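Written below as C-alpha cells is the structure these notes are about.
The values are calculated or read from the model by the stated rules, or taken from the named source; none is laboratory data. Everything numeric here is computed off the predicted structure, so don't read it as measured data. Note that we place each Cβ from the backbone using ideal geometry, even for glycine, and neighbour counts take in every protein chain shown. In case anyone asks, the SASA skips ligands and DNA or RNA and just uses the protein heavy atoms, side chains included. Shrake-Rupley method; radii C 1.70, N 1.55, O 1.52, S 1.80 Å.
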Amino acid sequence: MSASNLLKTETSDLHATVEQSIDWSHWLGTVPQYGQFLLRMISFLPEVDQRCDEVLGTSDAWFIDRRRASWAAADLRDLQSFQQLDNRNAIDIDTVVDRSSHADQFVWVDDAPTAAGVLYVLEGSTMGGKQLCHLVRAGFPADTHVPLRYLSGYGDQTGRHWQVVKAWLDRILVAADDQTKAVEAAKRMFVVFGEQLGSEK
C-alpha cells in the first residue's frame, strides 16, 4: 500500500472523531470568532512550520510555497483593520507568532518521516477549505473583502497541489518503519487540532 493511502486508512477514524469535535459554525460563524480562530492557528502553527523546515529542508516547489502560519497571521492583520480595533484591543500578532516559534510543543517533530506525517495533516486540511470559506463569508456584511488566504489554501489549484503532496509522501515514505512513524505523527497532529479547536465553545 502506498504511504498516502496508508496514512488515510490508518488515521480515518481519528480524523472523523476530531472533525466531529470541532464546531466550525462557532469558530467561523461571526467576525470576532473568526479572529479567535486565526489567533488560535498562529498560537501553535509557527513552531510546526519551523520544525518541518529544519527537519526536511527540501527544495520541492510545493514545500517552499506551501500554506504557512504566516498566511493566517496576514488574515488576522487584515481582519483587525476591518474591525478598526483601537490599541487597547488590538492583538500583537508578531508577539504571538514569535512566542509560538520559540515554544517546545513540537520537539517530537525530529525526523523526516515524522515531519511528513505532520504535513499530511496540514496539507490535507486545505481540501476542506472551500466549505469553511463559505461559513466565514456568511458572517461578514455583503460586498466586504473577507481575508481568507489561510482557509482558501491554494484556491482552484488545491486539488492538484494535494496530488503533488501525496506523490511526495509516496516517494519518501517507502520503508515500513518510516511509514509507521509518519502514521503516528499524523495521529498526533490530528489530536493537536482537536485539542486546539474541539474543546472551547
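The calculated Kirkwood hydrodynamic radius for segment 70-181 is 16.7 Å, given to one decimal from all distinct C-alpha pairs.
Loop-located trypsin sites (Lys or Arg not before Pro) across segment 52-150 with a Cβ neighbour count of 12 or fewer within 10 Å are Arg88, with loop assigned by DSSP.
Hey, can you find the accessible area per residue of the chain for me, probe 1.4 Å, expressed in square angstrom? Write down the numbers at each step before the final one.
On the way: 10120 Å² over 201 residues.
It amounts to 50 Å² per residue over the chain.
Charged side chains reduced to their Cβ positions (Lys and Arg at +1, Asp and Glu at -1) give the chain a dipole of some 500 debye around its Cα centre. Relative to one another, the C-alpha centroids of segment 1-65 and segment 106-124 are positioned 10 Å apart.
Phi angles across segment 7-17 convert, under the Karplus curve 6.51 cos²θ - 1.76 cosθ + 1.60 with θ = phi - 60°, into 3J(HN,Hα) values of 4, 5, 5, 6, 10, 4, 5, 5, 4, 5, 5 Hz, Gly and Pro given as x.
With respect to the chain, whose longest principal axis is taken over its alpha-carbon atoms, helix 112-124 is tilted by about 40°. Shown here are the Rg and Dmax of the Cα trace of segment 1-89, at 16.8, 55 Å.
Give me the angle, in degrees from 0 to 90, between the Cα long axis of helix 158-172 and the longest principal axis of the Cα atoms of the chain, rounded to the nearest 10. Between the helix axis and the principal axis of the chain, the angle is about 30 degrees.
From the protein chains alone at 1.4 Å, what is the descending order of accessible area for His134, His161, His145, His26, largest first? Walk me through the numbers before you get to the answer.
On the way: His134 95, His161 20, His145 130, His26 45 Å².
If we order His134, His161, His145, His26 from most to least accessible, we get His145, His134, His26, His161.
The angle between the Cα long axis of helix 69-83 and the main principal axis of the chain comes to about 10°, on a 0 to 90 degree scale.
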